[in-house]
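The values are calculated or read from the model by the stated rules, or taken from the named source; none is laboratory data. Owing to the predicted nature of the structure, the values given are computational and were not obtained by experimental measurement. Quick reminder, even Gly has a Cβ in these numbers, built from the backbone with ideal geometry, and neighbours come from all protein chains shown. To get the accessible areas, we keep the full protein, side chains included, count just its heavy atoms, and leave off ligands, DNA and RNA. Shrake-Rupley method; radii C 1.70, N 1.55, O 1.52, S 1.80 Å.
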Amino acid sequence: MVRSKGTGFGRLAAFALLPLSGVALADTVSLLAQRDGPDGGAEAPQPPNGPSVSSVWAYDELFTFPLENGCWYSASIRGTVRPIVAGRDAGQKVEPDLAVTALLSCQGAATVKVSEHVTGTGPITQAQVEHLLEWRASILTDEAGRKCSYVPEIDLVGDGLVGAGVSYLCPRP
């Protein structure tokens, strides 16, 4: 990388907030950098590449529900959800990194456990996160030759996570 000799101006970064249809956008107006010669010297911090956010939602939730058939369903959800703060999805979508573990305990039967990860999805809506959590925390069993499923209802409310219940879906004999 070729560097020019400095002019003594120092680092100057100016940002202007431009109202555009009721939305404020940050735009870099000018940038002049002081250089200590071809060898460089200490590198000054670079200006930010856009807005940043410190509000990452962290979850460490456990909920347990007794079921009508005498079984107990439990789910643990741990991890983070990062809001998208740049581009067309800013403020509307999130990126989850959540570990989901669900247990089904029924008297006289072995405990069934599923462990899944909700990550690498790219930007998705909160409703899509809820759907993925419900799908990954669902447990499928074989009961007397019938496929039955236990499907939790999980809601992201504000920056909280709520286990609202479990549906037991099993065809009639």
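A few points about this structure:
- Three semi-axes of the equivalent ellipsoid, region 131-171, Cα gyration tensor, whole Å, largest first: 25, 9, 5
- Taking Lys and Arg as +1 and Asp and Glu as -1, the other residues whose beta-carbon sits under 15 Å from that of W57 total -4.
- Local charge for I154 was computed over the other residues whose Cβ lies under 12 Å away, with Lys and Arg +1 and Asp and Glu -1, and equals -4.
- Selected from A102, G158, G120, residue furthest toward positive end of dipole (region 46-159; charges at beta carbon): G120
- Accessible-area rank, largest first, for H131, H117: H131, H117, with all protein chains present and a 1.4 angstrom probe.
- When the alpha carbon gyration tensor of region 72-173 is reduced to an equivalent ellipsoid, its three semi-axes come out at 31, 13, 11 angstrom, largest first.
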